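Colleague: Okay, here's the structure, questions in a sec.
The values are calculated or read from the model by the stated rules, or taken from the named source; none is laboratory data. As the structure is a prediction and not an experimental result, all values here were calculated from the model. Here the Cβ positions follow ideal geometry from the backbone for every residue, glycine too, while neighbour counts run over all protein chains shown.
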């Protein structure tokens, strides 16, 4: 899935750089367009597909008793999308949500607001740990929390909420599956030194990249390729999988990732429209 580069710009902080983007098919275009607006050439290698769960019964049961929860916490845009789609599908009124809603990250919050929901809390650090820090003074033992998430979501958040004495209900509102269709083409580009950097926006993209590339990996095959991760958790996953991490964003957003990459490449991210 190579995006057309008719709008590719020759000037900009990423001019002359060829960047591989590893996101889901539903999310890859935004990042590709941002890279091209900064003068870079983007190669989309979508590794993940988001699909509905095989069984909706647990999600439907949670939706039917939404009023019994104190907090509804979303950790991703996909979690918002699949959860609200399911509510509409079974005839539940989104406007009837009365619980306090928290979101990890501005994009997640924006998706909720677009649906007409008020977001009570967005942490300053856009990871689960940041949410816990921000929520700490507002959580009370015995409160009930609903977490609509991916099947492979990290367990740090629900475990810590439970440790604080809250009653946590996790529901898998979507499954993340590997999409290795373009692996041979991606491997060819890497082997022929046609890629200058690879962007990882989650631990799952790292894991699926390593799995998809396993048949093609060879000694020094990523030599000279900058590995850029959206935050420390993704970077840790990359290192555990044997990748050398060159860039870790300090602001855990797509914009922060691109700014960190530009700085690492010797450009100046200030004043660019990231």
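Colleague: Considering only residues that are modelled with pLDDT of 85 or more and touching a helix residue (DSSP H, G or I) at 6+ places or on another chain (Cβ under 9 Å), which ones fall in region 8-23?
Modeller: Residues of region 8-23 that are modelled with pLDDT of 85 or more, as a first pass: 12-22.
12, 13, 14, 17, 18, 19, 20, 21, 22, listed by residue number.
Colleague: Can I ask one more? Select, from 105, 39, the only residue that is at positive phi, modelled with pLDDT under 90 and buried (at least 16 other Cβ atoms within 10 Å of the Cβ).
Modeller: Being at positive phi, modelled with pLDDT under 90 and buried (at least 16 other Cβ atoms within 10 Å of the Cβ) holds for just one of 105, 39, which is 105.
Colleague: Report, by residue number, each residue of region 166-192 that is within 26 Å of residue 54 (Cβ to Cβ), in contact with a strand residue (DSSP E or B) (Cβ under 7 Å, 6 or more places away or on another chain) and either in a loop (DSSP other than H, G, I, E, B) or without any contact (Cβ under 8 Å) to a residue 60 or more places away in the chain (or both).
Modeller: 167, 168, 170, 179, listed by residue number.
Residue by residue, here is whether (1) outside the structural domain of residue 250 (by TED's automatic domain parsing); (2) out of contact with any strand residue (DSSP E or B) (no Cβ under 9 Å at 6 or more places or on another chain); (3) modelled with pLDDT of 90 or more; (4) surrounded by fewer than 18 Cβ atoms within 10 Å (Cβ to Cβ) holds:
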| site | (1), (2), (3), (4) |
| --- | --- |
| 110 | yes, no, yes, yes |
| 120 | yes, no, no, yes |
| 164 | yes, yes, no, yes |
| 194 | no, no, yes, yes |
| 206 | no, no, yes, no |
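Colleague: OK, next. Considering only region 24-126, give the strands (runs of 3 or more DSSP E) lying wholly within it that have at least 2 residues that are more than 30 Å from residue 14 (Cβ to Cβ), free of Cβ contacts under 8 Å to residues at least 40 places away in the same chain and in contact with a helix residue (DSSP H, G or I) (Cβ under 9 Å, 6 or more places away or on another chain). So that I can check it myself, show each step before the final result.
Modeller: Details: elements: 41-44, 48-51, 71-74, 100-103.
Counting at least 2 such residues, we get 100-103.
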